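The values are calculated or read from the model by the stated rules, or taken from the named source; none is laboratory data. It should be emphasised that the depicted structure is a prediction, and the values quoted were computed from it without experimental measurement. Don't worry about glycine lacking a Cβ; one is built from the backbone with ideal geometry, like all the others, and counts go over all protein chains shown. Accessible surface is based on the protein model in full, side chains and every heavy atom, while ligands, DNA and RNA are left aside. Shrake-Rupley method; radii C 1.70, N 1.55, O 1.52, S 1.80 Å.
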Amino acid sequence: MREESVRLGHANEWLHGSLHEPDEAARGAALICAPLFEERKSAQRALVEFARALCRAHWLVLRFDYRGCGDSAGDFDAYSVPDWQEDVREAAAFLRARGPDLPLALIGLRLGGALALRSAGACAAETVALWAPALDGRRYLRDVLRRKMVKEMMGQGQARTRRNDCFEDLEAGRRLDFDGYAVTSRLYRDLAALVPPANGEPSPRRALLAHVGPNERLPTDLTAWAAALAASGCRADTVAFRLPPFWSLIGYADTAPLAERTIRWMEEER
Amino acid sequence: MAATVEDRLKTMIVERLFMKIEPDRIEESKSLIDEYGVDSVSLLELVVGIEEEFGIEVGDEDFSVANFETVSALADFVRKRMP
């Protein structure tokens with residue numbers, strides 16, 4: 001098993017990636033789409049461990065940073081959802097060049113799940129695995145602001161932020177700080193335009209929607225999203241894991257059960 | 001006998017925060033933050049848990065430590081908003 005840092009994309013706007021190559025012939029190629037904002041940092045270790053587990057199972061794996069994030073080029077506030085979808089396509093093309101005959105799977109966590117699902121068609125990905133996907137952009141924005149409000153409450157006793165005021169500011173063209181990340185009016189509009197899958201939309205051949213939460217009950221929105229994908233001809237499976245929200249934690253969470261189940265699913269009916 | 005709001009809160013807190021204690025060991029008047037290690041991530045989980053368990057909405061103006069300090073405070077908060 002080899003790990004290599006790679007640089008892909010254009011000279012001035014490169015993407016930093018980590019390629020995990022199995023020792024034996026790869027059975028498929030897997031592209032991992034990370035979350036954004038603070039969630040990206042908290043999820044880093046879990047995604048590294050998942051990539052290594054996939055590689056041990058003979059998958060060629062690429063992790064990468066979107067432009068404006070991690071080790072990739074650019075400033076966060078210069079980019080938005082369509083740019084990051086382009087980055088997914090760029091990373092998928094890189095993997096295709098490394099393994100031209102390999103079936104491609106996209107795995108996305110939180111907002112990375114939305115980017116993976118929306119990019120699957122353009123990447124010709126056969127399968128998509130979505131971990132705790134944030135497919136409803138408006139709800140995601142409200143949740144991110146809620147996290148900011150909880151921090152204010154902990155520090156000052158009372159939250160000062162009012163979400164509707166924030167949205168009005170963003171709609172008026174102002175930029176706001178979301179946990180240290182500058183959210184531009186453009187990014188706000190693009191995130192708000194992210195909507196869950198609807199019946200009849202193009203979809204991948206297979207999708208796994210994994211719920212991660214305090215119990216193993218599937219939330220109704222996840223089952224509705226799976227039904228919409230199924231109505232579009234996708235074989236959509238759902239699974240629930242009793243795990244803490246590891247993309248929000250400072251400490252370590254053992255995500256091996258989620259990783260192992262996902263790999264088994266990826267290898268079914270191949 | 002129907003579970004009290006306090007009992008439901010304790011069960012929800014233990015489940016959502018992956019606490020390794022029995023729900024009835026949580027003392028209703030003790031600080032969740034100081035005594036039970038609730039941090040900002042956990043508090044966010046509690047907000048979501050309260051909304052799901054009791055079918056109420058935690059509004060922006062409700063984000064006050066006074067509402068989340070103890071199980072008793074949470075129970076008062078929930079009772080005021082329950083239909």
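Quick one: would you say A:Ala224 is at pLDDT 90 or above, open to solvent by 30 Å² or more (accessible area, probe 1.4 Å) and assigned to a helix (DSSP H, G or I)? Here the answer is yes, as A:Ala224 does meet what is asked. Pairs are defined by a Cβ separation below 9 Å, a sequence spacing of at least 6 or placement on different chains, a first member in the stretch B:67-83 that is surrounded by fewer than 14 Cβ atoms within 10 Å (Cβ to Cβ), and a second member that is aliphatic (A, V, I, L, M) and not in a helix (DSSP H, G or I); the pairs so defined are B:Met82/B:Ile56; B:Pro83/B:Ile56. Which one is farthest from the chain's Cα centre (by Cα) among residues in the stretch B:13-29 that are within 10 Å of another protein chain (Cβ to nearest Cβ) and in a loop (DSSP other than H, G, I, E, B)? Ranking the qualifying residues of the stretch B:13-29, first place goes to B:Phe18. Looking only at the stretch A:161-200, residues that are among the charged types (D, E, K, R), in a helix (DSSP H, G or I) and under 19 Å from the mean Cα position of the chain (by Cα) come to 2 in all. Within the span defined as the stretch A:249-261, every residue fails to be surrounded by fewer than 20 Cβ atoms within 10 Å (Cβ to Cβ), assigned by TED's automatic domain parsing to the domain that holds A:Ala124, among the basic types (Lys, Arg) and not in a helix (DSSP H, G or I).
Need the failing condition index for A:Tyr66 against (1) part of a loop (DSSP other than H, G, I, E, B); (2) open to solvent by 10 Å² or more (accessible area, probe 1.4 Å); (3) hydroxyl-bearing (Ser, Thr, Tyr), just the number. Failed condition: (2).
Residue pairs whose Cβ atoms lie under 9 Å apart, separated by 6 or more positions or on different chains, with the first residue in the stretch A:249-266 and under 19 Å from A:Ala129 (Cα atoms) and the second crowded, with 18+ Cβ neighbours inside 10 Å and of a type in the set (Ser, Thr, Tyr), are A:Trp265/A:Thr127; A:Met266/A:Thr127. For the stretch A:229-248, filtering for residues that are within 27 Å of B:Ser40 (Cα to Cα) and open to solvent by 40 Å² or more (accessible area, probe 1.4 Å) leaves 1.
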